[in-house]
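Structure record follows, encoded as structure tokens.
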Amino acid sequence: GSAFDMPAEEAAVSIGKIKSQLKSLPEGVTDSTQFATQMGSAIDYVGNEFNATEKDVLDFSTRTAGSLSALGGNAYEIAGWGGMLASVFPSAERAAGSFDSLLTQLTTNTDSQTVAADLLGVSTEEFMQAMSTDPSDTLLNIGSALEGLPADKLLSMTKDLGGAYGMDALTKMVGHTEEWRQAIDDTVAAGQKGESIGQSFTAGANSAKSA
């Protein structure tokens with residue numbers, strides 16, 4: 001746990017909770033220990049690079065892993081979203097609530113699905129297919145499309161898409177979509193490499209020795 005600003009046991013429990021909600025483990029990951037290393041690396045990367053703590057990212061991820069994973073999102077993407085959203089909401093809990101609400105709205109509300117499909121220039125069926133195979137990319141594409149709208153249209157459109165609670169996640173993404181896309185990609189890469197947490201533990205151990 002020295003890589004994270006929280007006790008090791010607490011971090012391990014959170015990572016276990018995330019794992020138990022995943023529809024499938026990330027490619028190449030075969031067991032819990034490996035998952036903890038890879039997922040820990042993704043979370044550690046986010047905590048080091050962005051304005052969110054590892055604890056926030058874990059909190060966000062334990063709350064949203066089930067819903068994003070059910071749509072085909074991978075574990076490391078969840079950490080990336082956690083880093084972006086937890087850094088712009090007052091708490092990880094609020095960030096997760098809005099994000100979850102946005103996912104629910106876009107996958108269950110036919111009016112929201114129609115608005116999203118129109119915005120992206122695809123059929124509702126194509127939108128639903130995209131949402132249930134690559135939710136992160138689809139949400140980011142919505143963010144990019146919203147950035148092209150005039151300010152007076154933006155608020156009503158985000159409300160039509162995300163509902164009263166889910167719209168917050170969208171309004172916070174607008175203006176930062178490409179930056180978030182890059183950050184999520186980089187987080188996925190850090191998770192796949194699985195080295196970040198080892199480097200952090202080593203750095204922690206070295207600084208303890210030199211102190």
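The values are calculated or read from the model by the stated rules, or taken from the named source; none is laboratory data. Note that the coordinates shown come from a computational prediction; the quantities given were computed from them, not determined experimentally. In this analysis, Cβ positions are derived from the backbone assuming ideal geometry, glycine residues included, and neighbour counts consider all displayed protein chains. What goes into the accessible areas is simple: the full protein's heavy atoms, side chains included, and nothing from ligands, DNA or RNA. Shrake-Rupley method; radii C 1.70, N 1.55, O 1.52, S 1.80 Å.
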Any idea which of (1) outside any helix (DSSP H, G or I); (2) open to solvent by 10 Å² or more (accessible area, probe 1.4 Å) is the one Ala52 doesn't satisfy? (2)
Here is a list of conditions, (1) in contact (Cβ under 8 Å) with a residue 60 or more places away in the chain; (2) assigned to a helix (DSSP H, G or I); (3) open to solvent by 30 Å² or more (accessible area, probe 1.4 Å), and Thr114 meets all of them except one; can you say which number that is? (1)
By residue number, the members of region 29-61 that are hydroxyl-bearing (Ser, Thr, Tyr), more than 12 Å from Thr187 (Cβ to Cβ) and in contact (Cβ under 8 Å) with a residue 60 or more places away in the chain are Thr37
So for region 59-81 (the condition being open to solvent by 10 Å² or more (accessible area, probe 1.4 Å) and touching a Phe, Trp or Tyr at 6+ places or on another chain (Cβ under 7 Å)), does at least one residue qualify? no
Tell me, which residue of region 156-185 that is basic (Lys, Arg) and closer than 25 Å to Gly47 by Cβ is least open to solvent (accessible area, probe 1.4 Å)? Arg181
Restricting attention to region 120-143, which residues are open to solvent by less than 40 Å² (accessible area, probe 1.4 Å) and out of contact with any Ser or Thr (no Cβ under 8 Å at 6 or more places or on another chain)? Pro135, Ser136, Thr138, Leu139, Ile142
Neighbours by Cβ (under 7 Å, 6+ apart or cross-chain): first from region 165-182, touching a residue at least 12 places away in the same chain (Cβ under 8 Å) and more than 14 Å from Gly82 (Cα to Cα); second in a helix (DSSP H, G or I) and open to solvent by 10 Å² or more (accessible area, probe 1.4 Å): Tyr165/Gly97; Tyr165/Ser101; Gly166/Ser101; Gly166/Gln105; Met167/Lys159; Val174/Leu154; Thr177/Ser144
